[in-house]
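The structure under discussion appears below in the form of structure tokens.
The values are calculated or read from the model by the stated rules, or taken from the named source; none is laboratory data. Everything quoted here is computed from the prediction, not taken from an experiment. When we count neighbours, we look across all protein chains shown, and the Cβ atoms used for this are built from the backbone with ideal geometry, even at glycine. Accessible surface areas use protein heavy atoms only, side chains included; no ligands, DNA or RNA. Shrake-Rupley method; radii C 1.70, N 1.55, O 1.52, S 1.80 Å.
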Amino acid sequence: MSDIEAQFSVLKQTADPAVTDAIAELIGKGEDHELNRINALDFSSRRGLDEERVISAFLHASRLGLFDLTWNVLCPGCSGVLDAHDTLKSLRHEDYHCGLCACGYEPSVDEQVEVAFTVSPKIRKIAAHDPTTLPLWEYYKQVFWSSGIDLNRDTFGSLAEEVTLDALELPAGEKAVLSLQLPQQFIIAFEPVTHSAHFIDVQGEPTKERQQLSLVYNKVHPPTGSIILRPGPLRLSLDNQAGVRTLPTVFIAGDALHEMLGKRRRFLTAKRMLSNQTFRDVFKADNLNIDQRLKITSLTFLFTDLKGSTALYERVGDLAAFDLVRAHFQALLGIISSEKGAVVKTIGDAVMATFVRPEHAIVAGLRMRAAMDELNVKRGRDDLVVKIGIHEGPCLAVMLNERQDYFGQTVNIAARVQGLSTSQAIHVTGPVIDAPAVAAILEKEAITPIQKQAALRGIADKVMVYEIP
């Protein structure tokens with residue numbers, strides 16, 4: 001048995017067999033570009049496979065060395081990759097700058113950090129392993145732009161031609177001159193390797209006199225430059241001092257360019273990865289550094305606690321109570337994972353979990369309540385009661401006590417809301433109840449939330465909460 005066959009044999013033991021077969025087929029028969037920065041969500045959609053099982057399989061495959069996992073910081077404007085990291089630890093919280101859009105961004109792991117998978121060069125060598133060999137437009141598609149842009153093969157060529165005045169590959173140390181005819185439009189001279197850009201505002205009366213512009217590319221990203229020119233001939237002089245091949249491209253910043261960059265598709269975000277149970281279990285070492293603070297603009301927290309656990313121990317004895325608490329944990333943790341959530345930590349009889357979407361947390365909460373009812377029926381008692389609170393909002397991803405955790409007022413409110421429950425009722429906040437998908441779930445279950453104001457310990461103002469009876 002070869003090493004690859006052995007790796008796939010192990011993968012089938014930890015991942016869904018159908019997904020494993022699809023991955024094996026991709027590695028064996030896929031084109032080079034299909035094995036670079038694989039979009040796991042697009043892969044699952046095209047193959048008709050469950051997203052969570054696909055994500056889990058790619059994570060296990062990466063741990064086995066079949067793929068390299070990368071965290072790519074994206075520009076929210078053009079979806080260009082501003083920086084690529086092979087570990088979450090190297091992700092900076094400082095601003096990233098996009099030359100093409102001339103904007104700076106503080107990275108948020110919601111939609112600005114893409115998680116992608118590239119086949120390991122030990123498994124199969126592809127062109128993207130040496131980006132300097134990629135033709136100009138393949139470099140844009142496979143290296144500069146993220147998997148979140150839908151660059152349809154049938155339409156990309158014509159669109160690229162429509163949005164480009166000229167483009168060339170410029171070897172290190174060489175110079176070139178482009179003779180252009182400037183239309184009365186906004187022009188961007190962009191170079192994707194050094195991420196440098198020069199903006200040309202073409203306005204005024206046309207001229208027949210040749211205008212001049214010189215650009216130098218080097219290893220230091222130059223500040224974005226701009227100039228006003230008139231419609232007519234331009235002599236664009238290019239000097240590559242970057243030490244690597246550069247790819248100067250002159251774009252027409254019009255509707256066609258915006259149309260091309262506007263073709264988006266869903267991709268696997270860092271936020272979703274941090275709330276993935278397989279990632280938290282398998283990639284414990286690839287978490288944050290102690291001094292990292294990553295901003296998340298929206299995350300849903302679910303807290304649970306077992307009501308009256310101390311009295312339970314006194315009633316049934318330590319051994320029986322321990323078995324009950326363990327059964328309760330098994331039920332809750334299984335539900336969290338199956339509803340696209342992840343357990344952050346357990347504290348005594350309590351659980352803290354995260355979900356990307358509030359509707360996933362609501363479904364999990366309802367299932368948890370039903371699971372406790374089933375356990376009580378089996379026991380012939382009704383004293384196993386789990387208290388549940390759910391809240392959604394912004395937070396920081398941090399490292400606390402050597403584990404990836406979350407910090408902020410959203411976390412505090414979620415924990416306090418859980419404390420309002422005195423029975424099997426679930427308590428949620430306004431941001432959760434206002435989510436359209438949550439309203440649809442409650443309507444389907446014929447559940448009418450009970451609105452009330454509550455004073456939460458440590459929170460200055462009263463908070464509007466909703467009891468899910």
Test: residue in segment 236-252 that is under 30 Å from Leu375 (Cα atoms), open to solvent by 30 Å² or more (accessible area, probe 1.4 Å), in contact with a helix residue (DSSP H, G or I) (Cβ under 9 Å, 6 or more places away or on another chain) and not basic (Lys, Arg): no
One residue from Phe251, Phe190 being under 35 Å from the mean Cα position of the chain (by Cα) and more than 19 Å from Thr132 (Cβ to Cβ): Phe251
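For the subset of segment 193-207 comprising residues that are over 32 Å from the mean Cα position of the chain (by Cα) and not in a loop (DSSP other than H, G, I, E, B), which member is surrounded by the fewest Cβ atoms within 10 Å (Cβ to Cβ)?
First, the residues of segment 193-207 that are over 32 Å from the mean Cα position of the chain (by Cα): 200-207.
Retained after the next criterion (residues that are not in a loop (DSSP other than H, G, I, E, B)): 200-202.
Details: Ile200: 24, Asp201: 13, Val202: 20.
Checked segment 193-207; the qualifying residue surrounded by the fewest Cβ atoms within 10 Å (Cβ to Cβ) is Asp201.
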Restricting segment 208-225 to residues that are touching a residue at least 12 places away in the same chain (Cβ under 8 Å) and in a loop (DSSP other than H, G, I, E, B), the residue that is surrounded by the most Cβ atoms within 10 Å (Cβ to Cβ): Thr224
Top-ranked residue of segment 142-185 - restricted to ones that are touching a residue at least 40 places away in the same chain (Cβ under 8 Å) and in a helix (DSSP H, G or I), ranked as most open to solvent (accessible area, probe 1.4 Å): Glu162
When residues of segment 114-136 are limited to those that are in contact (Cβ under 8 Å) with a residue 60 or more places away in the chain and over 30 Å from Asp95 (Cα atoms), the one most open to solvent (accessible area, probe 1.4 Å): Arg124
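In segment 87-118, which residues are modelled with pLDDT of 90 or more and either of a type outside the set (Asp, Glu) or in a loop (DSSP other than H, G, I, E, B) (or both)?
Listed by number, the residues that qualify are Val113, Val115, Ala116, Phe117, Thr118.
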Those strands (runs of 3 or more DSSP E) lying entirely in segment 379-469 with at least 2 residues under 25 Å from Lys307 (Cβ atoms) and either among the aliphatic types (A, V, I, L, M) or open to solvent by 60 Å² or more (accessible area, probe 1.4 Å) (or both): 386-400, 426-429, 450-454, 463-468
Complete set of residues in segment 277-326 that are touching an Asp or Glu at 6+ places or on another chain (Cβ under 9 Å), modelled with pLDDT of 85 or more and open to solvent by less than 10 Å² (accessible area, probe 1.4 Å): Phe279, Ile296, Leu299, Thr300, Phe301, Thr304
Failed item, numbered, when Arg124 is tested on (1) more than 15 Å from the chain's Cα centre (by Cα); (2) assigned to a helix (DSSP H, G or I): (2)
Glu111 open to solvent by 40 Å² or more (accessible area, probe 1.4 Å), touching a residue at least 60 places away in the same chain (Cβ under 8 Å) and closer than 24 Å to Ser337 by Cβ: yes
Checklist (1) closer than 20 Å to Leu288 by Cα; (2) in contact with a strand residue (DSSP E or B) (Cβ under 6 Å, 6 or more places away or on another chain); (3) open to solvent by 30 Å² or more (accessible area, probe 1.4 Å); (4) not hydrophobic (A, V, I, L, M, F, W, C) applied to Gly104, failing item: (1)
Qualifying residue in segment 30-48 (condition: open to solvent by 20 Å² or more (accessible area, probe 1.4 Å), more than 23 Å from the chain's Cα centre (by Cα) and over 25 Å from Ser196 (Cβ atoms)): yes
